């Protein structure tokens with residue numbers, strides 16, 4: 001194994017640059033180093049001005065998503081040695097506006113997430129003294145997968161629809177809506193459907209399926225969206241056949 | 001002290017290249033599936049042409065069939081068949097994604113959801129083949 | 001120019017405690033405007049990393065009394081017993097409330113909440129959501145918080161200072177990271193929910209954002225930090241990343257080996273090696289004893305020298321791939337995915353790593369600090385329920401119970417307050433803006449590197465204020481920290497950009513950490529006894545006569561710490577020998 005590898009890293013300072021460019025750094029190559037460790041090496045020892053987000057370094061906080069050799073990756077779970085002999089390109093997540101170097105503006109996602117009402121909706125809330133809502137392990141299993149989303153946004157970087165049309169609600173937000181829809185304790189499916197059956201909601205999805213492929217937590221947003229389409233279609237037919245039947 | 005203009009957030013939004021779909025097989029596949037709709041439309045037009053020729057009488061129908069034997073049209077139809085099959089297969093493979101069926105709390109395996117689709121396809125194709133080939 | 005906005009209650013930090021407090025305020029009075037100011041998006045907060053679970057009495061053969069006793073004895077009698085009682089009583093409701101908000105707690109077949117056993121708890125009372133309890137708890141709180149329109153979020157704003165007027169905390173100065181704009185955010189009450197400070201040490205499970213910001217903010221504003229000398233270690237962390245290898249790996253039969261391949265724990269009065277794991281013996285001995293044994297091995301030169309310092313090995317190979325995959329899949333996944341080690345074939349290098357701060361900003365049962373208008377909850381605070389040693393699975397319910405209490409108390413306080421005097425406050429904010437520019441952004445000619453100072457701080461803390469402490473070493477560390485404080489004055493920033501200047505953030509975090517490190521060291525030096533997580537080789541015994549008391553560290557005018565003591569509140573449980581739970 002060679003003992004060094006070259007990183008090709010996106011640099012962009014909006015105060016100085018018209019558009020992003022690349023800067024290369026040579027870093028030590030170690031078996032246990034992930035791309036994030038290499039970036040931290042650069043920041044600590046070579047160039048303190050390189051900016052990127054990170055926190056937990058164990059794949060759960062969702063901060064450190066970047067494009068590594070063109071693929072959306074959690075940089076804390078991507079070993080540099082996989083890219084031997086290099087160079088490894090590290091770029092900000094695709095499809096988001098770049099704020100600075102490897103940092104993108106994700107406020108759009110947070111607005112979308114809020115719009116799909118990702119919280120438990122009840123017609124009548126139970127009092128705490130009355131204990132928990134009962135839920136069998138099987139019922140809990142139906143939404144567990146969707147509840148694993150860490151909001152790392154790799155799926156948005158993989159989704160060409162979001163790239164072409166930033167109004168599209170996008171994979172993670174829809175998967176989280178579906179997480180509550182499929183929770184036996186929730187009664188808000190129709191409320192969310194009104195929002196998501198609009199043009200920019202689920203129908204934007206053309207099932208490329210890359211969101212599911214890149215998801216580090218196996219959430220399967222593509223599946224969530226297709227399930228949602230089916231529900232929406234059924235509701236539409238129902239309302240066509242029984243226009244008088246209130247939901 | 002710095003003036004306010006210095007603090008305006010200025011982000012860079014990279015342009016999506018016109019050829020973005022060439023870079024990755026899954027994107028290409030997606031574009032091909034979108035494209036398949038054109039060929040499906042062609043099959044619909046073709047069917048309409050056949051019906052109208054039938055209505056005008058045997059001579060017209062034979063003429064249409066002659067026309068369809070031209071290499072360019074054979075090629076077009078072969079290509080269309082490819083796209084229709086492509087569309088069908090991707091559509092069937094999608095079914096288990098859209099339908100999360102559970103029996104006694106356990107999710108039903110993808111194969112069990114996909115297989116009936118293919119079986120139905122096979123059965124209908126066989127029926128059509130029988131209708132066409134028996135005489 | 002300086003930007004100003006104002007709210008009724010402002011929270012610094014958007015992790016579990018902050019979000020719980022924000023919701024509590026909105027539920028108490030929907031008319032109050034709430035601000036969450038956090039240096040990261042709330043769902044990135046460190047609560048997300050907690051794996052084990054949350055303790056709350058729910059099982060029919062469990063009782064509040066027993067949870068209280070486990071907590072107090074586990075804390076080596078340094079817990080305030082009234083606080084523990086309140087905590088234990090309110091924990092189950094808080095956990096249920098979270099269930100009502102959608103938290104996917106693991107269930108029994110009949111649909112009720114499932115609980116599991118946990119180290120130190122003598123009854124089964126730990127609620128869990130698979131092995132990602134903290135993650136689910138945080139995301140449930142965050143998603144629930146989205147429905148309250150009175151909550152305004154200041155995501156990715158770094159708070160640099162508390163604003164105080166007339167002895168009352170009335171807001172903060174913060175840098176909007178995306179633009180570099182320095183902003184004054186005024187509020188009638190401020191709640192600190194910034195978590196711990198594990199990054200003061202070199203080997204830690206804590207995320208990179210755990211830099212003691214809230215502790216330092218309160219300390220600089222004049223509030224005392226309590227029981228800072230109590231730092232909890234976890235005996236088996238991965239040396240490089242600090243990733244925790246759960247106790248389960250040892251419970252399933254993993255061995256701890258020194259560099260000679262010898263199960264060294266047998267030399268430390270922890271039983272004799274058996275092929276199968278035995279409760280409370282050898283590898284399943286108490287956490288702190290295991291960590292201490294590591295230090296002794298190191299002193300005798302029997303640890304291995306890894307890339308990142310001395311390590312011992314956790315050996316799972318004899319369990320075989322099948323058992324590891326079936327019983328410890330998460331352990332294998334963590335090793336493979338984040339450190340490129342396969343426990344089926346390789347030894348896992350491990351060492352004790354800093355896990356949790358028992359100490360923090362001194363508060364009462366309602367999260368109120370001695371500073372008017374300032375509250376604190378979660379790991380940043382010390383109520384204290386954790387005493388000299390926290391029990392596993394008490395920290396998640398703690399941030400819920402005291403997050404909610406602090407939220408309600410701050411809401412009530414804010415409702416009775418006049419709008420702050422803007423002019424006074426803005427003068428302070430302008431001062432802070434000038435300081436930031438002079439000290440960091442526009443200064444040139446310094447020669448120090450942030451990472452160098454940080455490394456030196458972590459090294460000296462490990463040496464002096466680590467698992468074992470000794471007077472002379474602590475004194476040396478205290479001196480070194482003063483030197484580092486001075487050198488911080490000549491630090492150079494390479495980054496002069498306004499936009500997302502993470503180097504500026506690192507510099508500010510380092511200065512916070514140095515303050516906190518000084519407090520830890522000072523309190524540890526003053527406490528000439530051994531209790532719980534604080535072990536002095538020169539004073540190996542517990543001394544209830546002098547030290548059944550909380551240390552309170554105040555900042556003096558020269559910037560150096562001064563320690564006072566406050567008696568522990570004892571209600572019904574007189575101090576006894578500390579009994580180790582499993």
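Could you tell me how many degrees, from 0 to 90 and to the nearest 10, lie between the Cα long axis of helix C:81-100 and the main elongation axis, the longest principal axis, of the Cα atoms of chain C? Helix C:81-100 and the main axis of chain C meet at about 90 degrees. Centroid-to-centroid, using Cα positions, region C:547-579 and region A:136-154 are 44 Å apart. Cβ-to-Cβ counts within 10 Å put C:127, C:101 in ascending order as C:101, C:127, the fewest first. Across peptide C:41-54, the mean count of Cβ atoms from other chains lying within 10 Å of each residue's own Cβ comes to 4.
Taking the C-alpha atoms only, the angle from helix C:422-436 to the longest principal axis of chain C is near 60 degrees.
Note: relative contact order over region B:25-133, using C-alpha pairs below 8 Å and six or more positions apart, is 24 percent.
Simple spin-label estimate for residue B:128 and residue C:455 gives 7.1 nm between the two label positions (7 Å along the Cα-to-Cβ direction from each Cα). What FRET efficiency comes out for the pair residue C:342/residue B:43, r = Cβ-Cβ distance, R0 = 56 Å, nearest 0.05? For residue C:342 and residue B:43, the calculated efficiency is 0.55.
Would you work out if chain A is rounded, prolate or oblate? Take a ≥ b ≥ c from the square roots of the eigenvalues of the alpha-carbon gyration tensor; rounded if a/c is under 1.5, else prolate when a/b is larger than b/c, oblate otherwise. Because a/c hits 1.5 or more and a/b exceeds b/c, chain A counts as prolate.
Shape call for region C:359-407 from the C-alpha gyration tensor, a ≥ b ≥ c root eigenvalues: rounded (a/c under 1.5), prolate (a/b greater than b/c) or oblate? Cα axes put region C:359-407 in the oblate bin.
For a paramagnetic label modelled on residue C:412 (point 7 Å from Cα along Cα→Cβ), amide N atoms under 16 Å away belong, within region C:84-104, to C:86-87.
For chain C, the longest principal axis of the alpha carbon atoms and the long axis of helix C:329-339 meet at an angle near 60°.
Residue exposure proxy: C:100, C:522, ordered by other Cβ atoms within 10 angstrom of their Cβ from fewest to most, comes out as C:100, C:522. Cβ-Cβ distance of residue C:148 and residue A:234, R₀ of 30 Å, FRET efficiency by 1/(1 + (r/R0)^6): the value works out to about 0.40.
The spacing between region B:12-78 and region C:350-423, judged by their C-alpha centroids, is 68 Å. What shape does region B:25-133 take by its C-alpha gyration tensor, where a ≥ b ≥ c are the square roots of the eigenvalues and a/c under 1.5 counts as rounded, a/b above b/c as prolate, and the rest as oblate? Note, shape of region B:25-133 comes out prolate. Pairs of alpha carbons in the protein assembly as shown separated by more than 36 Å make up 53% of all such pairs. Taking the centroid of alpha carbons for each part, region C:160-196 and region A:1-65 are 31 Å apart. Among C:444, C:63, C:149, sorting on how many other beta-carbon atoms sit within 10 Å of each Cβ, with the fewest leading, yields C:444, C:149, C:63.
Residue-normalised convex hull volume from the C-alpha trace of region A:107-241: 121 Å³ per residue.
Using the Cβ-Cβ distance between residue A:4 and residue C:447 with R0 = 22 Å, the FRET efficiency computed as 1/(1 + (r/R0)^6) comes to roughly 0.25. Taking 0.692 mPa s as the viscosity and 37 °C as the temperature, the Stokes-Einstein diffusion coefficient of region A:4-100 based on its alpha-carbon Kirkwood radius rounds to 243 µm²/s. Each pair of Cα atoms in region C:72-116 enters the Kirkwood radius, and Stokes-Einstein at 10 °C and 1.306 mPa s then converts it into a translational diffusion coefficient of 127 µm²/s. Rounded to the nearest 500, the 222 nm mean residue ellipticity of the protein assembly as shown from helices alone is -12500 deg cm²/dmol, with -39,500 (n - 2.57) taken per DSSP H run of at least 4 residues. Each listed q (0.19, 0.23 Å⁻¹) maps to a log10 I(q)/I(0) for region C:63-191 from the Debye sum over equal C-alpha point scatterers, namely -1.08, -1.24.
No value in this document is a laboratory result; all are computed from the given coordinates. In this text the structure is predicted, and so the values were computed from the model without any measurement. Cβ sites come from the backbone with ideal geometry, for glycine too, and all protein chains shown count toward neighbours.
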